[in-house]
Every structure is written in structure tokens, then in C-alpha cells.
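> My structure is below; once you've seen it, I'll send some questions.
Please treat every number below as a calculation from the coordinates, not as lab data. Computed from a predicted model, the values in this text were never measured in an experiment. No Cβ is skipped: glycine too gets one built from the backbone with ideal geometry, and neighbour counts run over all protein chains shown.
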Amino acid sequence: MSNPIVLETRKLTRTFGERVPVHALKGVDLQVAAGEILAIIGPSGSGKSTLLNLIGALDTPTSGEVIIDGTPLAQVRNIDRFRGKTIGFVFQSHNLLPTLTAAENVEVPMYEQPMRGRARRARAVELLTLVGLGNRADHLPSQMSGGERQRVAIARALANEPAIVLADEPTGNLDTVNTAEIMALFSRLNQERGLTLVLVTHNTEVAAAAQRVITIRDGMIERDVTMQSEIERELLLFKSSVLGQAILRGESLPTELAAAAPALQALLEQV
Ligand SMILES: Nc1ncnc2c1ncn2[C@@H]1O[C@H](COP(=O)(O)OP(=O)(O)O)[C@@H](O)[C@H]1O
Ligand SMILES: [Mg+2]
């Protein structure tokens, strides 16, 4: 038996502007099962964030629908309340409140629920322990590293046991080591707690942690792959296209590639 669908989009479109309309999404049909880690990749401007914002009810579609945990968002009366209970967000910048401690930041979404202060605090500490920060509960964001702050943001995203966690470039501001740690944490939460995660990234190492990779181009799903071999091929394709563009634009390349760039450029210009 496959897991139930927790997220579905039907013919989802989003157009920005009226005089010069930008068709950011052009009819996206997507189904995500509970317990899935789905990575969304694609060129800059292809509509990834637009899609995530619509799924997270931070934006409203031009047409089509989003259904979360069986509920069409268009039918939800109090969307802020629904979002707070059902969806956890992790952004590129952690967005922690600087004057609150780690535990207090994790408690913020819990105010949506009838919960006593002591229970809130206990749950915050439990979640911080889960992300490896049990001993940092009373520290301020300014007293923590970038990777630690992002782990606090993940604990906060889990505060109300959401059906789904959405992350837009969650490792975008982190170095390689912290990126790997955050992805290891997401994988562990997925295995131990059945976390459902939809993640936008341009980092192929990050996408490699997913069980499914969707490539978006020009506001449409171009490919949707789930087999390990297909995922590896998809990520290689994406890397080569990013690399090819960098060479053609004359951007700086990692030293190990710089020597090969002229030969690659000559080849690319023949294609
Ligand atoms: N609020 C907005 N107003 C106008 N255009 C927007 C807005 N948000 C996104 N766009 C446009 O929609 C397209 C998709 O953007 P986005 O979803 O942010 O892409 P990605 O996250 O893949 O880089 C881009 O052409 C972008 O300029
Ligand atoms: Mg984006």
C-alpha cells in the first residue's frame, strides 16, 4: 500500500501583473504522498518559489487548486490558522526573532493552539533536542552559528506537527558542512517521524537526499523522477546545464574545471 496523498495541485496557474503579464506557473498537476521527500529543481525564475508559496497558502493561485490533507485551500475560512496548524516553513534565511531565545522562537507557532505555557516550553525543548540543540534552548539567535539557527528554524517548523514541511533553499546561506548536516537532519526526521518535505533547491547535493526530484522549467513540470538512477541522471543533467551556462557566460569556475573551460566552450559552441 502506498501512503495517502497529503498534497495535491490541480491545473495550478499563477500570473503576475496585468499590463505585461508574467505567467510564472502554467498548469501544474502534482501529488505528494505522506512521508515523501520531494526536491524541486530548475533554473532561476522557472517558478519554484511561486509553486511553494501557493502550496503553503502564502499566495493565491490565478486558477487551479491546492489541496492539503484533503482540504481544498479555497474552502478554508481562516487560512492563517489552517496554515499554522498544517504547514511548517523553512526559508533560506532562518527568520528567527532576534530578541527571543531558541525555545521561545520554537514556541511562537504554538500560540495558535490552546496550550499551557509549561507544555509549550516542554515541547519546544523536546523539538530542540530532536534537532540536536537541547542544550541551547536559552540561547539567542545571535549566539548561534548559521547551521544552528537553521536547525532552530526546522524545530519551529515542526512545532504544530504539520502534515507537510515546505523549505525554499533551506541551505542557501550555509557552507558545505552545515548543508550536509541539515540534509542529514531532514533525512532522519523523514525516517523516524515520517516527515513529508517539499524542498526547493539549486544544490544537487541537497536534491540527492530526496526520493523524488521534479524539474521545473518555464512554469511547468518538465520531468518527475523517482528511481535512484533517474534521480542521479537528472541531477547530472542539471549540473551540466548550470556548468555549461557558467562557461558560456565566462563566469569563474572551480579551479579543477577552469583548465578545461576553453575546450568545453569550443565544444558547446558546436552543439
Ligand atoms: N510578486 C511577483 N510579481 C511579479 N513577478 C513575479 C513575482 N514573483 C515571481 N515573479 C516572476 O515569476 C517568475 C517565477 O519566479 P519564482 O517562482 O520566484 O522563480 P524561482 O523560484 O524558480 O527562481 C519569474 O519570472 C519572476 O520574476
Ligand atoms: Mg526561488
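> Would you give the gap between the C-alpha center of the stretch 27-63 and the C-alpha center of the stretch 75-91, rounded to a whole Å?
Measuring centre to centre over Cα atoms gives 15 Å.
> Under the Karplus relation 6.51 cos²θ - 1.76 cosθ + 1.60, θ = phi - 60°, what is the ordered set of whole-Hz ³J(HN,Hα) values for the stretch 87-101, x standing for Gly and Pro?
Result, ordered by residue: 10, x, 10, 10, 9, 4, 9, 4, 6, 6, 7, x, 8, 9, 6 Hz.
> Another one. Fully extended, how many nm does the chain gain between Gln31 and Gln143 (0.36 nm per residue separation, minus their Cα-Cα distance)? Before the final figure, lay out the partial values.
Numbers: separation 112, 0.36 × 112 = 40.32 nm, distance 4.00 nm.
This chain segment gains 36.3 nm when fully extended.
> Let me ask something else about it. Sticking with the crude label model, points 7 Å out along Cα→Cβ, report the distance from Arg118 to Glu230 in nm, one decimal please.
5.3 nm
> For the chain, with only Lys/Arg (+1) and Asp/Glu (-1) charged at the beta-carbon, what is the dipole magnitude about the Cα centre, in debye rounded to 20? The partial results should precede the final answer.
Numbers: 27 positive and 30 negative charges, 162 e Å.
Rounded to the nearest 20 debye, it is 780 debye.
> Which whole-Hz couplings ³J(HN,Hα) result when phi for each residue of the stretch 147-156 is put into the Karplus expression 6.51 cos²θ - 1.76 cosθ + 1.60, θ = phi - 60°, listed in order with x for Gly and Pro?
So the Karplus estimates, Gly and Pro as x, are x, 5, 4, 5, 5, 4, 4, 5, 4, 5 Hz.
> Which loop-located trypsin sites (Lys or Arg not before Pro) does the stretch 21-105 contain, where loop means any DSSP state but H, G, I, E or B and the Cβ has at most 13 other Cβ atoms within 10 Å?
Working: sites: Lys26, Lys48, Arg77, Arg81, Arg83, Lys85; in loops: Arg77.
Taking the stretch 21-105 and a limit of 13 other Cβ atoms within 10 Å, the loop trypsin sites (Lys or Arg not before Pro) found are Arg77.
> Treating the beta-carbon of each Lys and Arg as +1 and of each Asp and Glu as -1, no other charges, what is the dipole magnitude of the stretch 94-228 about its Cα centre, to the nearest 20 debye?
Working: 14 positive and 16 negative charges, 98 e Å.
Taking the Cα centre of the stretch 94-228 as origin, the dipole is about 460 debye.
> With a ≥ b ≥ c the root eigenvalues of the C-alpha gyration tensor of the chain, is it rounded (a/c under 1.5), prolate (a/b larger than b/c) or oblate? The partial results should precede the final answer.
On the way: a/c = 1.95, a/b = 1.35, b/c = 1.45.
Taking the square roots of the gyration eigenvalues as a ≥ b ≥ c, the chain is oblate.
> What is the spin-label model distance, in nm, from Gln191 to Ser44 if the labels are put 7 Å beyond Cα along the C-beta direction?
Placing both labels 7 Å beyond Cα along the Cβ direction yields 3.5 nm.
> How big is the Cα convex hull of the stretch 182-271 in projection, averaged over all directions, in nm²? Working shown, then result.
On the way: hull surface 30.2 nm².
Mean projected area of the Cα convex hull: 7.6 nm².
> Excluding residues on the same chain fewer than 8 positions from Lys26, give the aspartates and glutamates whose Cα lies under 17 Å from its Cα.
Cross-link targets: Glu8, Glu18, Asp59, Glu65, Asp218, Glu222, Asp224.
> Quick check: net charge around Asp218, other residues with Cβ under 15 Å of its Cβ, Lys/Arg +1 and Asp/Glu -1? If you can, show how the numbers build up before the last one.
Details: positive: Arg14, Lys26, Lys48, Arg217, Arg223; negative: Glu222.
Local charge sum for Asp218: +4.
> Can I ask one more? In deg cm²/dmol and to the nearest 500, what is the mean residue ellipticity at 222 nm of the chain if only DSSP H runs of at least 4 residues count, each as -39500 (n - 2.57), divided by the residue total? Numbers along the way, then the final one.
Working: 10 runs with 105 residues, N = 271.
Taking each H run of at least 4 residues, the total per residue is -11500 deg cm²/dmol.
> Quick one: which residues, 5+ away or cross-chain, put their amide H under 5 Å from the amide H of Gly42? H built at 1.01 Å from N.
Ile216
> Hey, which lysines would be in cross-link range of Lys239, C-alpha to C-alpha under 23 Å, not counting anything within fewer than 8 residues on its own chain?
Straight-distance partners of Lys239: Lys48.
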